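Have a look at the structure below, then the notes.
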Amino acid sequence: KNQVEQSPQSLIILEGKNCTLQCNYTVSPFSNLRWYKQDTGRGPVSLTIMTFSENTKSNGRYTATLDADTKQSSLHITASQLSDSASYICVVSARGSSNTGKLIFGQGTTLQVKP
Amino acid sequence: DAGITQSPRHKVTETGTPVTLRCHQTENHRYMYWYRQDPGHGLRLIHYSYGVKDTDKGEVSDGYSVSRSKTEDFLLTLESATSSQTSVYFCAISEPTLAGGHNEQFFGPGTRLTVL
């Protein structure tokens, strides 16, 4: 069964600190992996998207890595800010779903950045 | 929210009543999706549309129907709402690429539905 699992479920860090969120997936055949940020009361917004051949991608203070062999991804946040407080969702697309755009979502990691 | 609006944004209704949620886009994207988001679950696909009058079921379609009579509008109907349909509903849009596959999905702001 295609699944996406994220850890930790929730995380609290102090402003200015770094953190890393994890994503493991069992989706096959793999097409791409995305990280979304969802602020409270808002819809998810895409941070990065990586295909099979890409193993790292950055978007400002956000850096995503992908190991397609171990089927793991991580999202590293550098020098956290209060505005980083949100839920971060790992999303995987299977190659067979490329004509429908169907995605498989993780449950998300809730990050709280404290001053 | 990438030219996507959802209405209403909040709704409280009673068990057994019909409810229709609307998603409207100004991006002219061909694909539209309805998801629900519940604690302890990732976003789950209810129904999606790949063109006007073309729709298909997602993983949690029981109790829901959809319609798409125009490119810009995708309606989600709960014929007889139940308490288990209390959730936050998100609409999303995407456009297929020339090489196959899809560009990213853009999400609307969500509708919070409470069924008493």
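Every read-out reported here was derived from the displayed coordinates using simple, explicitly stated rules and does not represent laboratory data. Since we're looking at a predicted model, the values are computed, not measured. We place every Cβ from the backbone using ideal geometry, glycine too, and count neighbours over all the protein chains shown.
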remark   = Using alpha carbon centers only, the stretch B:28-85 is separated from the stretch A:1-74 by a whole-angstrom value of 25
inquiry  = Along the Cα→Cβ direction, 7 angstrom out, place labels at B:H41 and A:V45. What is the inter-label distance in nm?
reply    = 2.7
message = Can you give me the distance in nm between label points at A:S28 and A:S74, each placed 7 Å from the Cα along the Cα-to-Cβ direction?
response = 2.5
Calculated log₁₀ intensity ratio I(q)/I(0) where the Debye formula runs over C-alpha points of chain B, q = 0.10, 0.18, 0.23, 0.24 Å⁻¹ = -0.27, -0.86, -1.37, -1.48
remark   = Listed with the fewest Cβ neighbours within 10 Å leading, B:W34, A:W35 appear as A:W35, B:W34
task = Hey, can you grab everything whose amide H is under 5 Å from the amide H of B:A81? Only 5+ residues off in sequence or another chain; H modelled, so Pro and N-termini drop out.
result = B:G16, B:T17, B:V19
message = Could you derive backbone 3J(HN,Hα) for the stretch B:40-56 from the dihedral phi with the Karplus parameters 6.51, -1.76 and 1.60 (θ = phi - 60°), listing whole Hz in sequence and x where the residue is Gly or Pro?
response = x, 10, x, 4, 10, 7, 9, 8, 9, 10, 10, x, 4, 6, 10, 9, 8
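Dipole magnitude of chain B about its Cα centre, charges +1 at Lys/Arg Cβ and -1 at Asp/Glu Cβ only, in debye to the nearest 20? The partial results should precede the final answer.
On the way: 11 positive and 13 negative charges, 39 e Å.
Computed charge dipole of chain B: roughly 180 debye.
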message = Go through the cysteines of chain A and tell me which have no other cysteine Cβ under 4.7 Å away.
response = A:C19
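What percent do you get for the relative contact order of the stretch B:1-84 when only Cα pairs under 8 Å and 6+ apart count?
On the way: 170 pairs, mean separation 27.1, N = 84.
Answer for the stretch B:1-84 is 32 percent.
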ask   = Got a sec? How would B:H47, B:H24 order by Cβ neighbour count within 10 Å, fewest to most?
value = B:H24, B:H47
Per-residue HN-Hα couplings for the stretch A:12-28 [Karplus 6.51, -1.76, 1.60; θ = phi - 60°; Hz; x = Gly/Pro] = 10, 9, 8, 3, x, 7, 9, 8, 10, 9, 10, 9, 10, 9, 10, 6, 8
remark   = Relative contact order in percent for the stretch A:19-95 (Cα pairs under 8 Å, 6+ apart) equals 44
inquiry  = Using all alpha carbons of the protein assembly as shown, what is the percent of pairwise distances in each 10 Å bin, ordered from the shortest bin to the longest?
reply    = 8, 32, 35, 20, 5, 0
ask   = Leaving out same-chain residues fewer than 8 places away, which aspartates and glutamates sit with a Cα under 14 Å from that of A:K37?
value = A:D84, B:D1, B:E104
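Taking 0.36 nm per intervening residue step and subtracting the Cα-Cα distance, what contour gain separates B:T26 from B:T82 on full extension? Present the calculation step by step, with values, prior to reporting the outcome.
Working: separation 56, 0.36 × 56 = 20.16 nm, distance 3.15 nm.
Extra length from B:T26 to B:T82 when fully extended: 17.0 nm.
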Size of charge dipole - the stretch B:41-85 - debye, nearest 20, with Cβ of Lys, Arg +1 and Asp, Glu -1, no other charges = 40
ask   = Can you list, bin by bin at 5 Å, the percent of alpha carbon pairs in the stretch B:34-97, starting at 0?
value = 4, 17, 29, 25, 15, 8, 2, 0
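If you take every residue apart from A:Q112 with its C-beta less than 15 Å away from the C-beta of A:Q112, what net charge results, scoring Lys and Arg +1 and Asp and Glu -1?
Cβ neighbours under 15 Å give a net charge of 0.
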